[in-house]
Every structure is written in structure tokens, then in C-alpha cells.
Amino acid sequence: MPIHLQPEHVAAIRAHGERTYPEECGGLLLGILEGDDQIVREIMPLDNIRNDSRHNRVELSPLDYARAEREAGRRNLGVWGYYHSHPDHPAVPSSFDLEHAPFTEWSYLIVSIRDGKAADLRAWSLRTDRSQFDEKTIVTASQYKPTP
Ligand SMILES: [Zn+2]
């Protein structure tokens, strides 16, 4: 079940992480399902509402989330995932990420930011028993061949 991203989505996520460095950034992935594949159509950067631990915690406002769902619905898109940055840490989910991941259907993208520059971008899915994340494949648009 790969996740499909346009090159401009990748660029926007990397730029968001560089902009908020050394603090974490976060946002939502809007798109559609094609079979088991998640096709991202748009990314929606959101503000980090935490006042503490902003370098290793990101929390999004429920109001922003509700607004994102409404906007997605208006465009016949769904919210299919979430991205955030790991300043000076690998693009691997933390135990905090595991505890706070809301949905097993979502994709979780993590971009590692090293010394202010975006490095790895990796995608993860949450097991249905929530015991751990598994890495999933990111397909960028140039590799994506829609099924006829
Ligand atoms: Zn994290």
C-alpha cells in the first residue's frame, strides 16, 4: 500500500521542516484512495500549538483539523495522513509518535532535518493492533502509472 506524492508535495514538506527548524512542523495529507494506494493531492501545513517542547513535539489544533476535514470534503478529498519533522533526529517514529498516532488507516510521513537542511523523508503506517509502525513505500509522480 504505497503512498503517492507529487514532487511539489515533497518539496513543500521539506521546506516547511526547514522553515520551523529547530522546532518541529506538522501538517495533513489530503487525497484519495485508489484501491489500497493513497494518492496525495494536496498537503496542508498547520501551526504547532504547543508552547513547550516545540523542538521534539508537535500538536495540531482540533479546530484546524476540523477545518481541514471540511475543506477536504468540499473538494471530494479525504484526510489520509499526517506529516511532521524530526529536527536533528532520524525520520523514524518515536514512542511518542506511536502513542499519539490517531488512525491506523493513515500514512505518517517524517522528514529528518539536519542542521536546518531537510534530509530523509520516510513514510510509515501504523499496525492495526497499534504495536508498531511499518515503513511504506513512497512513490513520486514520475514513477506513478495509473491503472487503466
Ligand atoms: Zn515524531
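The values are calculated or read from the model by the stated rules, or taken from the named source; none is laboratory data. Bear in mind that the values here come from a model prediction, so they are computed numbers and not experimental data. Note that each Cβ is placed from the backbone with ideal geometry, even for glycine, and that neighbours are counted across all protein chains shown. Side chains are part of the model used for accessible areas, which takes the heavy atoms of the whole protein and leaves out ligands, DNA and RNA. Shrake-Rupley method; radii C 1.70, N 1.55, O 1.52, S 1.80 Å.
Key figures
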item: Filter pass, Phe133 being touching a Phe, Trp or Tyr at 6+ places or on another chain (Cβ under 9 Å), open to solvent by 20 Å² or more (accessible area, probe 1.4 Å), within 11 Å of the ligand (Cβ to nearest atom) and not charged (D, E, K, R); result: yes
item: Looking only at the stretch 108-121, and only at residues there that are open to solvent by 20 Å² or more (accessible area, probe 1.4 Å) and part of a strand (DSSP E or B), the one that is farthest from the ligand (Cβ to nearest atom); result: Lys117
item: Count of residues meeting criterion [outside any loop (DSSP other than H, G, I, E, B) and either among the aromatic types (Phe, Trp, Tyr) or open to solvent by 40 Å² or more (accessible area, probe 1.4 Å) (or both)] in the stretch 21-31; result: 0
item: Test result for Phe103, open to solvent by 20 Å² or more (accessible area, probe 1.4 Å) and out of contact with any Leu (no Cβ under 9 Å at 6 or more places or on another chain); result: no
item: Scan of the stretch 92-107 for residues that are touching a strand residue (DSSP E or B) at 6+ places or on another chain (Cβ under 6 Å), more than 9 Å from the ligand (Cβ to nearest atom) and more than 18 Å from Pro62 (Cβ to Cβ), ordered by number; result: Thr104, Ser107
item: Enumeration of residues in the stretch 92-119 that are at pLDDT 95 or above and under 13 Å from the mean Cα position of the chain (by Cα); result: Val92, Pro93, Ser107, Tyr108, Leu109, Ile110, Val111, Ser112
item: Identity of the residue in the stretch 55-71, touching a residue at least 24 places away in the same chain (Cβ under 8 Å) and over 25 Å from Ile113 (Cα atoms), that ends up most open to solvent (accessible area, probe 1.4 Å); result: Glu71
item: Scope the stretch 49-86; condition more than 24 Å from Glu23 (Cβ to Cβ) and either within 16 Å of the ligand (Cβ to nearest atom) or more than 18 Å from the chain's Cα centre (by Cα) (or both); matching residues; result: Arg70, Gly73, Arg74, Arg75, Asn76
item: Residue in the stretch 32-46 that is crowded, with 16+ Cβ neighbours inside 10 Å and at pLDDT below 90 present; result: yes
item: Answer residue from the stretch 1-11, given it is under 15 Å from Ile110 (Cβ atoms) and assigned to a helix (DSSP H, G or I) and is most open to solvent (accessible area, probe 1.4 Å) among those; result: Val10
